[in-house]
Amino acid sequence: RAKESHRNQYEFFTPTMSVQASERHTIEQELRKAVERNELLLMYQPQLQFETGQITGVEALVRWLHPKRGLVSPTEFIPLAEETGIIIPLGEWVLRTACQQNKAWQDAGFAPMRVAVNLSAYQFKQANIVQVVADILHETGLHPAYLELEITESVAMQNAKQVIGTLEELKKLGIQVSIDDFGTGYSSLSYLRSFPIDRLKIDRSFVNDITSTQGETTIAASIIAMAQSLNLEVIAEGVETEVQFEFLKNKGCHEMQGYFFSKPLLKEDMTGRLASIQGVS
Ligand code: C2E
Ligand code: MG
Ligand code: MG
Ligand code: MG
């Protein structure tokens, strides 16, 4: 009992906390086993077209259902997974599960939509990443056009030549690619022009900046204009209010994702949502 409450003083793997080495080691071992023990789950957050209101995609977001600690956020374990290399099996599980689920929705008769999967920097840099994606598409039978990989702007900015090379190989598979958390990395228009990508995701912080008192000079509006000039699709993440929704719609943003429409959902709830909208069961 005393031991338990002592353990609970620690915030779960917050890197800035002086978590004891043994504690970290335990968590690392637990995380390593989490995949085999079926403790990971994906939630799905809908992405909507402003124009039609249709759900055009879902982002797959991983959680760890820890036997003692409950539902753990990816912001708490993805950094550790990256540091330890656990991200490789974990990331493959996410990719496979997301593709399987999207195929299952299509097989159930729902209108085809994309599933977006977050790729970590470490995963993206693996020499065999293209083969891994190709194998999982083959294995799950998902048509490549319905898979989107999200890489962050910071990953895209690391080694342009290498990143472009990998993206070109991925694009040859027929999948879609988006740049996540866009606007936080200060990459320029000319830099992005050479990237074989489909979509920019406006970082939540810039969406959050949109308020009723704000003028026309928001960063979100500049990103939308820039995306349009590059012929890229643009999606806003973290849309929470009607003011943000209307602003983005008026600026010509293509799609949105955020609590204003829906929080990330358990797969059963996502299925229910699709069924109630599309009338399939
Ligand atoms: P992200 O890829 O930028 O995902 C968007 C995050 O914003 C998600 O947090 C989502 O739940 C949250 N969000 C969506 N709409 C709203 C909103 O309207 N308001 C607010 N306040 N938040 C909103 P989540 O699920 O906690 O994921 C956090 C981050 O963890 C993700 O950011 C992504 O970088 C990472 N992550 C999640 N799943 C995976 C994964 O499978 N692999 C990797 N490598 N990273 C992942
Ligand atoms: Mg993302
Ligand atoms: Mg994002
Ligand atoms: Mg983000």
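Evaluating Leu170 against the criteria (1) farther than 26 Å from Phe261 by Cα; (2) of a type outside the set (Ser, Thr, Tyr); (3) outside any helix (DSSP H, G or I) leaves one unmet condition, (3).
The residues on offer are Ile151, Ile197, Ile129, Ile235, and the sole one that is closer than 15 Å to Cys253 by Cα and of a type outside the set (Ser, Thr, Tyr) is Ile235. Looking across the range 173-207 at every residue that is away from ligand 2 (no atom under 16 Å from the Cβ) and assigned to a helix (DSSP H, G or I), the one that is surrounded by the fewest Cβ atoms within 10 Å (Cβ to Cβ) is identified as Ser190. When Asp107 is tested against (1) touching a helix residue (DSSP H, G or I) at 6+ places or on another chain (Cβ under 9 Å); (2) surrounded by fewer than 16 Cβ atoms within 10 Å (Cβ to Cβ); (3) closer than 21 Å to Thr140 by Cα, just one condition goes unmet, and that condition is (1).
Scanning the range 50-94 for residues that are aliphatic (A, V, I, L, M) and surrounded by fewer than 17 Cβ atoms within 10 Å (Cβ to Cβ), we see that the one that is farthest from ligand 2 (Cβ to nearest atom) is Leu65. Being at pLDDT below 95, open to solvent by less than 20 Å² (accessible area, probe 1.4 Å), within 16 Å of ligand 3 (Cβ to nearest atom) and out of contact with any helix residue (DSSP H, G or I) (no Cβ under 6 Å at 6 or more places or on another chain) is a property that holds for Glu153.
The values are calculated or read from the model by the stated rules, or taken from the named source; none is laboratory data. Source: prediction; values computed, not measured. A quick note on method: Cβ atoms are made from the backbone with ideal geometry, for glycine too, and the neighbour counts reach across all protein chains shown. Heavy atoms of the whole protein, side chains included, go into the accessibility calculation; ligands, DNA and RNA do not. Shrake-Rupley method; radii C 1.70, N 1.55, O 1.52, S 1.80 Å.
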